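Down below is the structure, laid out as structure tokens.
The values are calculated or read from the model by the stated rules, or taken from the named source; none is laboratory data. Please read these numbers as outputs of a predicted model, since none were measured by experiment. Counting neighbours? That spans all protein chains shown, and the Cβs are built from the backbone with ideal geometry, glycine included. Quick note on the areas: whole protein, heavy atoms, side chains included, nothing else; ligands and nucleic acids left out. Shrake-Rupley method; radii C 1.70, N 1.55, O 1.52, S 1.80 Å.
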Amino acid sequence: VLQARFKRCFLDGMRELYRQRKLNLPEGMSFQNFAEFDAFLNHLERKHWQIDRSDPLDAVRAALSYIARYLGKPPMSENRLLWHNRNKVCFTYKDYLNKAIERKFICSTAEFFFRVTEHVPLPNFPMVRFYGLFSTRNKKKLMEKAAKFIPPPYGVELLRCEPPKTCRDHRLATTGVDISKCPECGRELEEVKVYYPGQLTETFAELLQRLENSVFVPANTA
């Protein structure tokens, strides 16, 4: 119904603009009289029209929300959550190592939030990395051609370089900072313990003081 009504209103508007001599036709297209123009519109009316009725994105926030749905998906949809209480969470997952069989997984609330927040990207971390020449469909076809326009010594070697695989590699390539090393002494950081929200009973200052008072033996000197 929408398709037929839009087609009729659009073509009637074209006829009215032609009668008022307000229709700017493309170069090379001309009609001797209204009857010839009307016959041309009748020919278009017999064709199938595909109508796109999506709402216009006139707000920045609406546009960002629209694009975000195509850049990435949430780590888990709500329909995968079966039940939860104060201490436990049960959700489903697909075991792709065993013919994608759907299984149930029960874990603590703290572990569940830890698993979900692992999928939250860091600030300024690019979510879209393979586009244009680097997209999968264009990479093999256009890499060699694009390399000819890049002066040496880069060329193909520059285009073939792969983006960073881990967060550490990404931060090192963009900022020159190795997040796995201490900014004060340059020593490799070692994970002592993971604290979830509500589990830390002592203040951060007290925790640092206790760690400073403990005996630290580097792994390479033990």
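Where does the charge balance sit around Ile51 when Lys and Arg score +1, Asp and Glu -1, over other residues with C-beta under 10 Å from its C-beta? Surrounding charge for Ile51 is +2.
Heavy-atom accessible area with a 1.4 Å probe sorts Lys104, Lys148, Lys88, largest first, into Lys148, Lys104, Lys88.
Take 107-115, 25-33, 76-84 and order them by the average number of nearby Cβ atoms within 10 Å per residue, most first; the result is 107-115, 76-84, 25-33.
With a ≥ b ≥ c taken as the square roots of the eigenvalues of the C-alpha gyration tensor of the stretch 64-114, please select rounded if a/c is under 1.5 and otherwise prolate if a/b is larger than b/c or oblate if it is not? Note, shape of the stretch 64-114 comes out oblate. Accessible surface ranking for His43, His119, 1.4 angstrom probe, highest first: His119, His43. Going down the table (Lys73/Lys148; Lys47/Lys139; Lys73/Lys99; Lys104/Lys193; Lys73/Lys139; Lys88/Lys193), which pairs top 30 Å between alpha carbons? Correct reply: Lys73/Lys148; Lys47/Lys139.
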